[in-house]
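First the structure, in the form of structure tokens, and then the observations on it.
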Amino acid sequence: MRLDGLARVDVPEIDREAFREAIINAFCHRDYRDPDEVRIAIFPDRIEVRNPGRLMEGVTLRTLKTAKVSRRRNPLIADLLRRIHLIEAWGRGIPLILEKAPHARFSEIAGVFITEFPRPQAARNSVTKFQPRFDAKGPVTAPVSDYVGRLLYLLGQREPLGNEDIRSAFELKSRRRLRETYIGPALSAGLIQYTVPDKPNSRLQKYRLTEKSREFAATMNPPANLEF
């Protein structure tokens, strides 16, 4: 909000055109084979538009911002949205979002594509820090390793996740590194737990946050160096 003379003028926290485009893109490009839904998640420091579905083959997060060619996962839906003037031109969505909201970020976590809009004023007022420490007899209070923090953030976005989901999200080639730097320390600290506790080596094994870490993870800011 600002004042223009004596009149109040509402200034949106996030550009309306960019936010609208992110929602349209989510419904246009989501994977409708996935039973999950398009979701809007509101956090103290950001708002996320999430849609199920990985990037199309040949498109990466690095090329997404500069790609000149649009690939349509759902041609019939895309054609309908264009006929009712919700889509102006193919390949215009991401450039429009970045034009109107230059600080928007894109990520892909466990098969979910996320468009993130920072909330600058909320972030300035927030005292939440990324790195936590876990005390087995109390709440999360001070630093753990970056790796464990990244895992907590990931599971806070979508849980439960299996080893391959987590390895893919962090683009890790080594299963040993995943076990020794992410999963092992988090299990030892009691920050995550098995979904199949009586069979730790089960091929169906996944991980989820514990009660003490879940509330904290929901308020975590994404680490600046986290890329999916």
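Sparsely packed loop sites in the stretch 14-111 (the trypsin sites (Lys or Arg not before Pro) outside DSSP H, G, I, E and B with at most 12 other Cβ atoms within 10 Å) comprise Arg33, Lys65, Lys68. If R0 is 22 Å, the Cβ-Cβ spacing of Asp146 and Glu215 corresponds to a FRET efficiency of close to 0.60.
Distance between the 7 Å Cα→Cβ label points at Arg72 and Lys100: 2.1 nm.
Each reported figure results from applying straightforward, stated rules to the coordinates on display, with no laboratory input. Just so it is clear, the model here is predicted, and its values are computed rather than measured. Positions of Cβ are generated from backbone atoms using ideal geometry, with glycine treated the same way; all protein chains shown enter the neighbour counts.
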